[in-house]
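The values are calculated or read from the model by the stated rules, or taken from the named source; none is laboratory data. Small disclaimer: the values here were computed from a predicted structure and weren't measured. We place every Cβ from the backbone using ideal geometry, glycine too, and count neighbours over all the protein chains shown. Calculation scope for accessible area: heavy atoms of the full protein, side chains included, ligands and nucleic acids excluded. Shrake-Rupley method; radii C 1.70, N 1.55, O 1.52, S 1.80 Å.
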Amino acid sequence: MFKGIGVDIIDLKRIERIIDTKKERFFNKVFTDSEIKYIRGKNENLCTIGGIFATKEAVSKVLGTGIGKISLKEIEVFHNNLGKPYVKLYGKSLFLMEEKGIESLHLSITHEREYAIAVVIGEGRLNYFRDIELKGMKDLNRMKNILPVRKEDSHKGTYGRVGVIAGSIGMTGAAYFSSKASLRSGSGLVYTITPKSLSNILSLKLTEAIIKPVEDNEKGHFILDSIQDIEEGIKDLDVIALGPGIGVDYERIRTVEEIFNIFNKPIVLDADGLNCVSKKPEILINRKGETVITPHPGELSRLLKVSIGKIQRNRIEYCKKASQKYNATTVLKGADTVVCSKSGEVYINRTGNPGMATAGSGDILTGVISSFIGQGIEIYESAVLGTYIHGLAGDLAKSEKGEYGLIAEDILENIPYAINLVYKN
């Protein structure tokens, strides 16, 4: 995103007069040692001197200060092997650059016999909280306190082993989005456990994940014969995301039930995983391990046997009922997503926008929450932070592309920027 522009023109006769009377004082006041060395290497060419000086003036205009409030020597001009100029900032100038959200400076210098001109353009990503609106700002400190600081002495195993059990013929995108969202949210290792028929597709789409194909007898979905492979694949994982795009039938209901029986660590249950459970609720009711369920109103309607209309009129009440009935943390998706803990604590999320009502968005949320759980964040807090980050990523995407054309990939690609905003603000 364009963040600012600065232009400066220098009369080279002015430079010549200064050099004739007080060259060394001028050089030492304005230029760094590296710049002076470069200037002398160019035989103190007036165009070279004027171009570098004009650059410093132009940068000060991008920063909004002008020369006088910052040191000229905090702005340093270099040249690459082809002679292309570029600029680096230090001290107060660098601080002001970061404050303005400028991530890079683009420089062009030109000159002719009497003048040197420098043009500098500042570019950076949109600062959501400062440049758009303050939606969600009141919860920012809470989210920052939840988000752990990355350790210097760490490795990929430090940040969790997430398993994503997902996908069927025609629904590879669900497995892709949940897996990629976990990676984008900071997971060290993500294992995508999917029917063998889909493994080649997902190996191409998910180059950073570890693909674990399981037996499907070429049916393109999980079957009873998948269970042994799944059990082997999940035994060393920290958390499982279960359900995106798996479909619903007897074999898949039984598969979900067996996973619940053999895996006693946290499970984030979404989409068709929820639909499978709605056919046999005792699967979830009897589970011993921690569970997060992420229903939209239709899925919650099937789980609670209550109309969607009733749920939408009393979202907090029915979110609490789901947590109580199923002994789970519940994330009731929709406008102002409601998160409810097993003990009845409620958080209402304010980030997000209508453009996020798009295929794949819920799969991304599942991946984000799973990632935070895998990184060691407490279950309810992972659901709260994951919901906030997911919505914030959607708002960042909206700021660039609007609501109408928003797709899940846009949300996905903004997850790191959303986390960075929370981390740095």
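Could you look through the range 410-424, keep only residues that are open to solvent by less than 60 Å² (accessible area, probe 1.4 Å) and either more than 11 Å from the chain's Cα centre (by Cα) or free of Cβ contacts under 8 Å to residues at least 24 places away in the same chain (or both), and pick out the one that is farthest from THR351 (Cα to Cα)?
The selected residue is ASP410.
Can you name every residue in the range 303-317 that is within 16 Å of PRO281 (Cα to Cα) and either surrounded by 16 or more Cβ atoms within 10 Å (Cβ to Cβ) or touching a residue at least 24 places away in the same chain (Cβ under 8 Å) (or both)?
Within the range 303-317, the subset within 16 Å of PRO281 (Cα to Cα) is 303-306.
Matches in the range 303-317: LEU303, LEU304, VAL306.
Taking the condition over 14 Å from GLY391 (Cβ atoms), modelled with pLDDT under 95, of a type outside the set (Phe, Trp, Tyr) and open to solvent by less than 10 Å² (accessible area, probe 1.4 Å), does LEU274 pass?
no
Of these, ILE49, ILE70, ILE39, which one is surrounded by 16 or more Cβ atoms within 10 Å (Cβ to Cβ), in a loop (DSSP other than H, G, I, E, B) and among the β-branched types (Val, Ile, Thr)?
Result: ILE70 is the single residue among ILE49, ILE70, ILE39 that is surrounded by 16 or more Cβ atoms within 10 Å (Cβ to Cβ), in a loop (DSSP other than H, G, I, E, B) and among the β-branched types (Val, Ile, Thr).
Pull up the range 154-183, narrow it to residues that are open to solvent by 70 Å² or more (accessible area, probe 1.4 Å) and outside any loop (DSSP other than H, G, I, E, B), then point me to the one that is nearest to ALA359 (Cα to Cα).
Here the answer is ARG161.
So LYS151 ticks every box in (1) open to solvent by 30 Å² or more (accessible area, probe 1.4 Å); (2) touching a residue at least 60 places away in the same chain (Cβ under 8 Å); (3) in a loop (DSSP other than H, G, I, E, B) but one. Which box is left unticked?
Of (1) open to solvent by 30 Å² or more (accessible area, probe 1.4 Å); (2) touching a residue at least 60 places away in the same chain (Cβ under 8 Å); (3) in a loop (DSSP other than H, G, I, E, B), only one is false for LYS151: (2).
All but one of (1) under 23 Å from ARG142 (Cα atoms); (2) open to solvent by 10 Å² or more (accessible area, probe 1.4 Å); (3) more than 15 Å from the chain's Cα centre (by Cα) hold for VAL384, so report the exception by its number.
Unmet for VAL384, out of (1) under 23 Å from ARG142 (Cα atoms); (2) open to solvent by 10 Å² or more (accessible area, probe 1.4 Å); (3) more than 15 Å from the chain's Cα centre (by Cα): (2).
Only one of these is among the hydrophobic types (A, V, I, L, M, F, W, C) and in contact with a Cys (Cβ under 8 Å, 6 or more places away or on another chain): ILE223, ILE246. Name it.
ILE246
Taking the condition charged (D, E, K, R), over 26 Å from LYS13 (Cβ atoms), out of contact with any helix residue (DSSP H, G or I) (no Cβ under 7 Å at 6 or more places or on another chain) and open to solvent by 20 Å² or more (accessible area, probe 1.4 Å), does GLU103 pass? Let's see the steps before the verdict.
Numbers: charged (D, E, K, R): yes; over 26 Å from LYS13 (Cβ atoms): yes; out of contact with any helix residue (DSSP H, G or I) (no Cβ under 7 Å at 6 or more places or on another chain): yes; open to solvent by 20 Å² or more (accessible area, probe 1.4 Å): yes.
Answer is yes for this residue.
Being open to solvent by less than 10 Å² (accessible area, probe 1.4 Å) and either in contact with an Asp or Glu (Cβ under 6 Å, 6 or more places away or on another chain) or of a type in the set (S, T, N, Q) (or both) is the filter here, so list the residues in the range 387-408 that pass it.
THR387, ALA397
I need a count of the residues in the range 54-67 that are farther than 16 Å from HIS106 by Cα and either surrounded by 22 or more Cβ atoms within 10 Å (Cβ to Cβ) or polar (S, T, N, Q) (or both).
Matching residues across the range 54-67 total 1.
Given (1) in contact (Cβ under 8 Å) with a residue 40 or more places away in the chain; (2) open to solvent by less than 10 Å² (accessible area, probe 1.4 Å), where does VAL256 come up short, assuming only one miss?
Unmet condition: (1).
Restricting the search to the range 332-351, which residues are aliphatic (A, V, I, L, M), surrounded by 22 or more Cβ atoms within 10 Å (Cβ to Cβ) and either touching a Pro at 6+ places or on another chain (Cβ under 9 Å) or not in a strand (DSSP E or B) (or both)?
LEU332
Given the structure, is TYR250 of a type in the set (Ser, Thr, Tyr), open to solvent by 20 Å² or more (accessible area, probe 1.4 Å) and over 24 Å from GLY160 (Cβ atoms)?
Here the answer is yes, as TYR250 does meet what is asked.
Within the range 278-302, how many residues are at pLDDT 95 or above, of a type in the set (A, V, I, L, M) and either open to solvent by 10 Å² or more (accessible area, probe 1.4 Å) or outside any strand (DSSP E or B) (or both)?
1
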